[in-house]
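Data block below; observations after.
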Amino acid sequence: MQVEILVPDTLSEITLEQYQKFLKIQDNNEDETFLAVKMIEIFCGIRGDHIMKMKASSIKDITRILTDMFNQKPPLVREFTMKGKEYGFIPKLEDMSFGEYVDLDTYVGDFENIHKAMAVLYRPITQKYNDKYLIEEYEGEDTEKMKDMPMDAVLSSIIFFYNLGMDLSKVMLNYLQHEETQALVQQLTLEKNGDGINQFSDSLREILDGLKISLN
């Protein structure tokens, strides 16, 4: 039986919803063979029974490609296109409203609901001129659509806050004052690379555990 498989090799090809689905399975299982099958099933869109009929060498090759993908270190993704609409990272953090603060603080450390935090950070672009743009006002509604956003944008935005001090209130005060901010953003990396999706998840959890957003 021959099955055409499209294997993603960058985090931009993985959606937040896919990762949330795999993370939930991973949290409840330690069987590496089972997790390898679920990894290919979720990220490549192949049925589990079809995967079991594939060559062991093919499974190994696909797992390696996915593992390399999860070892990527994405710089801050400022713009992306989702379902034909352009989204942009919030241009001015210091202009964030109290409601935005509250929702970001509530959901950024909870990966099951982190799409709600992403709805604060990324919104549809309404006007654009060169590298400058304006985004829609935050309404806090229809956050489920953010589950379709690319995983590189999710991870890069989390690392952005983590590497800039882990305290959003300090970022707000100093964001426009740091001359080296742009250079720093381009060099954003995970503290620990790890080997594969398990280490990726552990590193991400470590970042989330250390991420503290303060309103004070």
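Run the numbers for Glu4 and Asp27: contour at 0.36 nm per residue of separation, minus the present Cα-Cα distance, in nm. Intermediate values should be presented prior to the final figure.
Numbers: separation 23, 0.36 × 23 = 8.28 nm, distance 2.93 nm.
5.3 nm is the gain from fully extending Glu4 to Asp27.
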> Fewest to most neighbouring Cβ within 10 Å: what's the order for Thr67, Thr10?
Replying inline: Thr10, Thr67
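How would Phe70, Phe161 line up from fewest to most surrounding beta-carbon atoms within 10 angstrom?
Phe161, Phe70
Going by how many other beta carbons lie within 10 Å of each one, how would you line up Asp152, Asp9, fewest first? Could the numbers behind the result be given before it?
Details: Asp152 21, Asp9 11.
The order, fewest Cβ neighbours first, is Asp9, Asp152.
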> Once fully extended, how much extra length lies between Glu13 and Asp95, figured as 0.36 nm per residue of separation less the alpha-carbon to alpha-carbon distance?
Replying inline: 26.4 nm
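Assuming 0.36 nm per residue, please report the length gained on full extension of the stretch Thr106 to Glu136 beyond their Cα-Cα distance.
8.7 nm
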>> Given an 8 Å cut-off on Cα distances and at least 6 residues of separation, report the relative contact order of region 11-69 as a percent.
In response: 29
> So which of Lys92/Lys116; Lys38/Lys147; Lys73/Lys132; Lys83/Lys132; Lys85/Lys128; Lys55/Lys147 end up more than 23 Å apart, counting from Cα to Cα?
Replying inline: Lys73/Lys132; Lys55/Lys147
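A short reminder: the numbers here are calculations on the coordinates, not readings from a lab. Not measured: the values here are computed from a predicted model. Every residue, glycine as well, gets a Cβ built from its backbone with ideal geometry; the counts of neighbours run over all protein chains shown.
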